[in-house]
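S.K.: Okay, handing you the structure first.
The values are calculated or read from the model by the stated rules, or taken from the named source; none is laboratory data. Since the structure is predicted, the reported quantities are computational estimates derived from the model, not experimental observations. Counting neighbours? That spans all protein chains shown, and the Cβs are built from the backbone with ideal geometry, glycine included. Accessible surface areas use protein heavy atoms only, side chains included; no ligands, DNA or RNA. Shrake-Rupley method; radii C 1.70, N 1.55, O 1.52, S 1.80 Å.
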Amino acid sequence: MRYAILILLAVLTLPVFAQEQTLISGDIESGGFGGPAIKITSINGENAVLVGGRGGWIINHSFVLGGAGYGLVTNVNAKKTDSIHQYLEMGYGGLNLEYIASSDDLIHLSIELLVGGGGIRYKDENNDEFENHHTMNGFFVLEPGAHANLNVTKFFRIACGVSYRYISGLQSLLSTNADLSGPSAVLTLKFGKF
């Protein structure tokens, strides 16, 4: 009985001595940003431009939990299967995570990861949807990136960097995962509270 009481006391007092462990500890400082982004890349072996935006919640000046989305704005030829000239339409987006190092420095680095999905479809030269390919063909996207950030003002930053778009799961006769995957040069304008 005496041992049972000692064990019970030990179990009840253990939480007093244990320290809670969390990913983010102490006071949390919050901020946020949003802004447009442009990517120069290659799709289907052609130069292409993607335009979109990204933004998110900034935690303790160093971690961003947010989202991003991009769409193809240049004409990219689809692989031809007949005499009709076809163009590719593409868009993607998803969860965007970013780690910012030394956010208060005039120039500082950050790394990010976009995890999400997207789709492609095809149009002919008259912008009519191409027969049998009018629906979106979906895919999974994983895009890591690294950026140099310049603090222009207290509420405005410019980020220049590179990323690599990994595409998988595309089911299409006119493009492959490799056709849509590739590196990008990225420019982002960030507006917010950092």
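S.K.: Take the residues in segment 31-76 that are touching an Asp or Glu at 6+ places or on another chain (Cβ under 9 Å) and aliphatic (A, V, I, L, M), then tell me which one is nearest to Glu143 (Cα to Cα).
M.R.: So, considering only residues that are touching an Asp or Glu at 6+ places or on another chain (Cβ under 9 Å) and aliphatic (A, V, I, L, M), the one nearest to Glu143 (Cα to Cα) is Ala68.
S.K.: Filter segment 84-110 for residues that are open to solvent by less than 70 Å² (accessible area, probe 1.4 Å), among the charged types (D, E, K, R) and within 16 Å of Ser62 (Cβ to Cβ) and give the result.
M.R.: Across segment 84-110, the qualifying residue is only Glu98.
S.K.: Which residues, counting only those in segment 162-194, are open to solvent by less than 70 Å² (accessible area, probe 1.4 Å) and without any contact (Cβ under 8 Å) to a residue 24 or more places away in the chain?
M.R.: Thr176, Ser181, listed by residue number.
S.K.: Looking at segment 31-56, which of its residues are open to solvent by less than 20 Å² (accessible area, probe 1.4 Å) and in contact with a helix residue (DSSP H, G or I) (Cβ under 7 Å, 6 or more places away or on another chain)?
M.R.: Ile43, the sole residue that qualifies.
S.K.: Sticking with this structure for a sec: In this structure, is Thr153 at pLDDT below 95, open to solvent by 60 Å² or more (accessible area, probe 1.4 Å) and out of contact with any strand residue (DSSP E or B) (no Cβ under 6 Å at 6 or more places or on another chain)?
M.R.: No; evaluated as a whole, the condition is false for this residue.
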